[in-house]
Amino acid sequence: QDLNAVFGIRYRVLSTLSIDVKYRYGHQRTEASSFHGLNSFFARDLINLYTNLGSTDPVVRNPIPIGSILDKNFQTGTSQDLRGQINFYKRIGNHDLNVIGGFQISENKKDGSTFRTYGLDEDVLSITNVDYVHRYPLITTKSQTFIPNIAEFSKTNTRFVSFYLNAAYSFLDKYYISASGRRDASNLFGVNTNDRWEPFWSVGMGWDISRENFFNVPYLSRLKLRVTYGSMGNVDPDKVGV
């Protein structure tokens with residue numbers, strides 16, 4: 001299940017100045033099942049591996065009860081984004097100036113759970129509890145080990161805040177100069193303090209050669225030269241703190 005809703009409003013203050021506000025809400029839910037029937041190799045192999053033929057006690061003889069095995073996984077996520085932006089555009093003769101600036105606040109929550117049931121009877125939907133505390137000998141090596149328990153729970157909440165400013169100037173619609181800057185911060189643990197509010201920037205120049213009078217190449221309709229230099233970066237939440 002996936003829900004994504006975006007709401008936005010634009011207010012024009014002047015003919016050259018406008019304000020945009022946008023809000024996005026997203027909600028995702030995923031459910032996955034992995035069913036191993038009693039006659040499947042996975043179930044038979046695991047049951048046989050923990051079988052103790054020297055015991056008549058059903059619990060000790062078959063620590064993993066005879067029956068199907070079911071793995072379930074649930075994942076839910078909620079995300080929100082709020083962005084406010086000011087747009088300025090002015091054209092005077094052969095000069096064009098375009099400037100945007102604003103902020104964005106983001107939040108991404110994730111909640112997950114995974115568990116396994118043994119001894120499932122799919123006809124009556126009953127299961128058998130197993131002992132995860134004690135070790136049991138394996139029929140192959142006689143070494144003792146715990147029954148596999150894949151129960152797992154996870155929860156994360158990641159927040160970002162960004163401020164940005166971009167400006168572009170053009171002359172005669174063929175000579176361009178641009179600049180951009182932004183600062184980003186997050187609540188990710190493991191990020192160095194001096195990296196939590198990192199500035200990023202770039203400057204660039206462009207030349208639309210195809211608009212020059214001397215350009216006359218029948219088989220080439222557009223030729224543009226652009227050079228940009230700056231500093232960029234991103235964050236991989238899975239590697240933070242490693």
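Before moving on, here are some points about what is shown:
- Rounded to 0.05, the FRET efficiency of the residue 92 and residue 215 pair, given R0 = 30 Å and the Cβ-Cβ distance, is 0.70.
- Local charge for residue 84 was computed over the other residues whose Cβ lies under 12 Å away, with Lys and Arg +1 and Asp and Glu -1, and equals +1.
- By accessible area, using a 1.4 Å probe on protein heavy atoms only, the chain has 58% of its surface on carbon and sulfur.
- Straight-line reach from residue 155: taking Cα to Cα under 14 Å and skipping same-chain neighbours fewer than 8 places apart, the aspartates and glutamates in range are 107, 111, 238.
- Per residue accessible area of the stretch 1-109, 1.4 Å probe, in Å²: 63
- Which labelled figure in (1) 55, 51, 37; (2) 97, 45, 40; (3) 90, 36, 33 is Cα extents along the principal axes in Å, once derived from the coordinates: (2)
- Under 28 Å of direct C-alpha separation, and excluding same-chain neighbours fewer than eight residues apart, residue 224 reaches these lysines: 90, 174.
- Whole-Å distance, taken between Cα centres, linking the stretch 152-183 and the stretch 103-117: 25
- Net charge dipole, the stretch 37-160: roughly 600 debye, given to the nearest 20, about the Cα centre with Cβ charges of +1 for Lys and Arg and -1 for Asp and Glu.
- The alpha-carbon atoms of the stretch 107-199 define a convex hull whose volume equals 298 cubic angstrom per residue.
- Taking the chain and dividing mean pair separation by its residue count, relative contact order in percent (alpha carbons under 8 Å, at least six apart): 14
- Sparse-neighbourhood loop sites, trypsin sites (Lys or Arg not before Pro) in the stretch 104-156 - DSSP loop, at most 13 other Cβ within 10 angstrom: 135, 142
- Of the cross-linked pairs 72/142; 22/72; 72/109, those separated by over 27 Å at the C-alpha level are 72/142; 22/72.
- Model label points for residue 173 and residue 18, set 7 angstrom from Cα along the Cα-to-Cβ axis, are 2.0 nm apart.
The values are calculated or read from the model by the stated rules, or taken from the named source; none is laboratory data. Being a predicted model, the structure only gives us computed values, none of them experimental. Here the Cβ is made from the backbone with ideal geometry for all residues, glycine too, and neighbour counts use every protein chain on show. Just so you know, the surface numbers come from the protein's heavy atoms only, side chains and all, with ligands and any DNA or RNA stripped out. Shrake-Rupley method; radii C 1.70, N 1.55, O 1.52, S 1.80 Å.
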